[in-house]
Amino acid sequence: MKTRKLGTTDLMVPPVMLGGNVYGWTLSEADSLRQLDRAFDAGLNFIDTADLYSRWVPGHSGGESESIIGKWFAASGKRNRVVLATKVGMDMGGGRVGLAASYIVKAVEDSLRRLQTDYIDLYQSHQDDPQTPPEVTLGAYRKLIEQGKVRYVGASNYSAARLREAMEAGRQPGNASYVTLQPHYNMMERTAYEATLAPVVAEYGLAVIPYFSLAAGFLTGKYRKPADAAGKARGGMVGRYLNERGFRVLAALDEVAARTGASVASVALAWLIARPAVTPIASATSDAQLRDLIAAADLALDADAIAQLDAASAA
């Protein structure tokens, strides 16, 4: 699998990032460990997780995904050949939330312990914290970088205005600077990113690692009617795409998939890979889905295919 440099960093990564949000949630621990082995063997060694995953599951407290990845590191000895990203800032309960310096210092230690590692390649602010000035957060990150506990930092779920404010704060002495943005962006969710965030990304040279790259599974083609989404974990999210525009996008994906011999999911990811500075995140809960992610990394869409998909997914 080919690799490329992640933005302004020295991290060499594959064109697709493996999402770890399903580990311990819709994928058992045993199957998660097996998937990590298979993904690594295929060259998919760029992994995204968060301290929050999967606190929303009854009986979970957060950190389950990190713990599974940590067990895999300990058993496989592959930590130094993986680019690892995790996040901080979402509500973990008991007042554990936000991007205050004192909280970040504790949260990173908890993540390192669960991950069974002494450093994180990319530590991300999972969401903006309006109560904490960006220079406070970035100052705390700078100390973690100096201590060798974190290599780079990124932002997720920021508005364009707050992202620009944070990027300017990152230019101040003593502060770290974000090198990546993790936004909600895919063929069904284009407007918010392209209209407001993309100009900031271009201005500051950020790498982009969008989540929900397959629109909660809609862009795999498995949801074609309301009954397909009924009772599914992400059925509510998928349901809002079952409209004229969504069907138009699926029709275009079907046509490009037929021409290229690729799956619909691989084509949807390849469309994102072709966007400027974008490395999409996608998770898998089966071997077939993992194969789609791996195939997308080597699928280069021609100009006609991209134009067709652009037109079909235009708002």
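Only the coordinates and a few stated rules stand behind these numbers; no lab work does. The shown structure was predicted, so the numbers you read here are calculated from the model rather than taken from an experiment. Cβ sites come from the backbone with ideal geometry, for glycine too, and all protein chains shown count toward neighbours.
Results, tabulated for the structure shown:
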| quantity | calculated |
| --- | --- |
| All positions within region 81-113 that are among the basic types (Lys, Arg) and either crowded, with 18+ Cβ neighbours inside 10 Å or touching a helix residue (DSSP H, G or I) at 6+ places or on another chain (Cβ under 6 Å) (or both) | Lys87 |
| Single unsatisfied condition, Gln116 versus (1) surrounded by fewer than 19 Cβ atoms within 10 Å (Cβ to Cβ); (2) of a type in the set (S, T, N, Q); (3) within 29 Å of Met237 (Cβ to Cβ) | (3) |
| Residue pairs meeting the criteria (Cβ under 9 Å; at least 6 apart or on separate chains; first surrounded by fewer than 17 Cβ atoms within 10 Å (Cβ to Cβ), in region 137-154; second of a type in the set (Asp, Glu)) | Gly148/Asp118 |
| Matching residues in region 28-43 - criterion: being surrounded by fewer than 24 Cβ atoms within 10 Å (Cβ to Cβ), under 19 Å from Thr117 (Cα atoms) and of a type in the set (A, V, I, L, M) | Leu33 |
| Near pairs, Cβ below 8 angstrom, 6+ apart or cross-chain, from region 106-119 (under 14 Å from Ile68 (Cβ atoms)) to any residue that is surrounded by fewer than 16 Cβ atoms within 10 Å (Cβ to Cβ) | Gln116/Ala74 |
| Per-region count, region 51-80, residues surrounded by 13 or more Cβ atoms within 10 Å (Cβ to Cβ) and in a loop (DSSP other than H, G, I, E, B) | 10 |
| Residues (part of a loop (DSSP other than H, G, I, E, B), out of contact with any Asp or Glu (no Cβ under 6 Å at 6 or more places or on another chain) and closer than 19 Å to Ala166 by Cβ) located in region 90-114 | Met90, Ala100 |
| Region 296-307, residues that are surrounded by fewer than 20 Cβ atoms within 10 Å (Cβ to Cβ), touching a residue at least 24 places away in the same chain (Cβ under 8 Å) and assigned to a helix (DSSP H, G or I) | Ile306 |
